[in-house]
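First the structure, in the form of structure tokens, and then the observations on it.
Throughout, read-outs are computed from the coordinates displayed, never taken from laboratory work. As the structure is a prediction and not an experimental result, all values here were calculated from the model. Quick reminder, even Gly has a Cβ in these numbers, built from the backbone with ideal geometry, and neighbours come from all protein chains shown.
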Amino acid sequence: MRFSIITLFPEMFDGVFNHSILSRALKENRIQIEFINLRKFGIGPHQIVDDKPYGGGVGMVLRVDVLHNAIKSTKLHKGNEKVAIFDAKGEPYSQSIAESFSKLDHLILVCGRYEGFDERIKNYVDFSISIGDYILTGGEIPAMSVVDSVTRLIPHVLKKEHATEYESFSQSSHGRILEHAQYTRPEVYDEKRVPEVLLSGHDANVKEFREKQALQLTKIIRPDISESTNQVLSEARAAEKSKE
């Protein structure tokens, strides 16, 4: 899979992708990453990429013509190729989106700056994404997050085949829920013990305990996900009942 990152600050990525799993994925050629400097598409001798917003306001806005030219020059026009921008008004990024991205051949990520994009750029992209209800100085950190979250889902990037199946937000028979709590040595620390069932060696009991705990944690910490989970379970029960 190929990632193309359009940014005014390609140097921000120095070192980020050169460690751990991402580094191995690059070395094994499971992913390719290129950086496109938006400044190269700027207007005039000073390579201007932004301008004052119509109607007034604080800050500068990235020009639609500059952005569109950068996107057009980056597209390969082959395979399954998509373009995404980072925008506080965009769709909340989720594990399901990461999963869909991992099936692409080419993903172009456009990093915003200043007061954001000219709204018309959305006519030339496939996704407008927000990584949370907060504001950053630019789209570079979100781009790093997307590349990381997508890469680990690409087959053979993680050495353990089922590593991404049993973790928070992954699809399960209960919908998308949080992962159960994890424990390791020491068995007792500061008078707090590991739950006895995890020491029992009884696989069925351990599985049942973890499923119940995952559902309980989801209900308490992420009730929004819990509601979606209840809907999934209700639909599954209705489908089973219709077969009777």
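Brief remarks on what is shown
- Label-point separation in nm, LEU158 to HIS19, each point 7 Å along Cα→Cβ: 2.0
- Options (i) 15.2; (ii) 19.4; (iii) 18.7 - which one matches mean projected area of the Cα convex hull in nm² as calculated here: (ii)
- Note on GLU191 and ILE43: the model spin-label points, each 7 Å out from Cα along the C-beta direction, lie 7.0 nm apart.
- Choice from GLU167, GLU91, GLU119 showing the highest fluctuation, given a GNM over the chain with Cα pairs closer than 10 Å: GLU119
- Taking the chain and dividing mean pair separation by its residue count, relative contact order in percent (alpha carbons under 8 Å, at least six apart): 18
- For the stretch 67-120, trypsin sites (Lys or Arg not before Pro) meeting the loop criterion (DSSP other than H, G, I, E, B) and having at most 10 other Cβ atoms within 10 Å: LYS78.
- Gaussian network model of the chain, Cα within-10 Å springs - most flexible of ILE108, ILE221, ILE31: ILE221
- Chain lengthening between GLU91 and LEU136 when straightened (0.36 nm per residue, less Cα-Cα): 14.6 nm
- Normalised contact order of the stretch 60-179, rounded percent, pairs of Cα under 8 Å and 6 or more residues apart: 29
- Segment GLN213-VAL58, length gained on full extension (0.36 nm per residue, minus Cα span): 51.0 nm
- Proximal lysines to LYS75, defined as alpha-carbon separation beneath 29 angstrom and excluding residues fewer than eight positions away on the same chain: LYS27, LYS40, LYS52, LYS89, LYS103, LYS122
- Exposure proxy ranking, count of Cβ atoms within 10 Å, fewest first, for PHE9, PHE86: PHE9, PHE86
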